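Have a look at the structure below before the remarks.
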C-alpha cells in the first residue's frame, strides 16, 4: 500500500508539474482521504525521499524537491553555469571566513606549507532558495591578496573564486577530484535543513598552477538527492578512449578552461 501511494504521489507531482517547494498534503490528511494508517503514509514519504522527489522539514511538512542536478565527468562548467543551464538560480551564503598566519597552531590541515598563511572560506550553496551543499575553500594568503579577496567580497552571493583568478591572470593547469559517500553531521544537517545522518556526496579537489604549485583545496558536501555525478567509462582494450578511470574519480585539466570559455569554478 505504501508503494502504491508513493507511486501515486510521484505521478501527481509529475503530471501536475508541481514546482520545487510546493507543500504536499499532511500525513493526517492523506491518511483520512485514503483510509490508510499513518505508518503507511510515513513509509510512502520515506520512499519519495529516497527517490529524491521530496524533502521533510521538521515541524513544517513535506515539500517537493527539484530533480537531481546531473554533472558529467569530466565536465568543464562551473557550479553557477551548470545551475543556470538547468534554468535555475545559483547562490551562496557565507558561513565563515578566517585568515591564519604562517605557523599558526589553529590553522586546519591543508596541502600548503606551514610557512604560508592561508584563507579559509565556508559557504552554503543554494539553488533558488533551497540549500544543496556546503563548501570549504582553502587558498594561500598570497593568492587571496592578489585577487583582492576579503570577507566582504566572499560574502557576496555571486562571488566566484575562479572568476577572481581569471581577472588576476592566474592560470590553473590541472586538478584532481575524489568523491565519497558520507552522512551529514548535526551541524551540516541544520544548515541543509535535513535530518541528521542524511546521505551526502563529498567532493574533494586540489588544483595546481602550471608550475605544479597548489592554488586551492576544496571540500564540498552535496545532498545526495540533489547532486548526481555521471561518469562515462570506456574499455581501452577494445580501442575506446579513456575519459574516466573506472578505479578512481579523477578529473584532469584542473577543472579549468580559458577565461573566454566556460569555467569549472570548482563548484565555488
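The values are calculated or read from the model by the stated rules, or taken from the named source; none is laboratory data. All values reported here derive from a predicted model rather than from experimental measurement. So basically every Cβ, Gly included, is an ideal-geometry build from the backbone, and we count neighbours across all protein chains shown.
The figures follow:
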| quantity | calculated |
| --- | --- |
| Residues satisfying the stated conditions in the stretch 159-196, i.e. without any contact (Cβ under 8 Å) to a residue 60 or more places away in the chain and part of a loop (DSSP other than H, G, I, E, B) | 168, 169, 170, 184, 185, 196 |
| Residue in the stretch 134-153 that is part of a loop (DSSP other than H, G, I, E, B) and under 16 Å from the mean Cα position of the chain (by Cα) present | no |
| Of all residues making up the stretch 128-147, the number that are over 22 Å from residue 111 (Cα atoms) and either in contact with a strand residue (DSSP E or B) (Cβ under 6 Å, 6 or more places away or on another chain) or at pLDDT 85 or above (or both) | 3 |
| Where residue 117 falls short, out of the listed (1) surrounded by 21 or more Cβ atoms within 10 Å (Cβ to Cβ); (2) in contact with a helix residue (DSSP H, G or I) (Cβ under 7 Å, 6 or more places away or on another chain) | (1) |
| Candidates 234, 198 - the one that is farther than 26 Å from residue 140 by Cβ and modelled with pLDDT of 75 or more | 198 |
| Any hit, the stretch 20-31, residues being in contact (Cβ under 8 Å) with a residue 40 or more places away in the chain, in a strand (DSSP E or B), touching a helix residue (DSSP H, G or I) at 6+ places or on another chain (Cβ under 7 Å) and on the phi < 0 side of the Ramachandran plot | no |
| Filter pass, residue 88 being outside any strand (DSSP E or B) and in contact (Cβ under 8 Å) with a residue 40 or more places away in the chain | yes |
| Selection within the stretch 197-219 - in a loop (DSSP other than H, G, I, E, B) and closer than 20 Å to residue 131 by Cβ | 197, 198 |
| Selection within the stretch 92-109 - modelled with pLDDT under 95 and surrounded by 18 or more Cβ atoms within 10 Å (Cβ to Cβ) | 92, 107 |
| Residue satisfying all of: in the stretch 44-58; part of a helix (DSSP H, G or I) and surrounded by 15 or more Cβ atoms within 10 Å (Cβ to Cβ); modelled with the lowest pLDDT among these | 49 |
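For (1) on the phi > 0 side of the Ramachandran plot; (2) over 23 Å from the mean Cα position of the chain (by Cα); (3) free of Cβ contacts under 8 Å to residues at least 60 places away in the same chain, each residue gets a yes or a no:
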| site | (1), (2), (3) |
| --- | --- |
| 102 | no, yes, yes |
| 112 | no, yes, no |
| 127 | no, no, no |
| 132 | no, no, no |
| 157 | no, no, no |
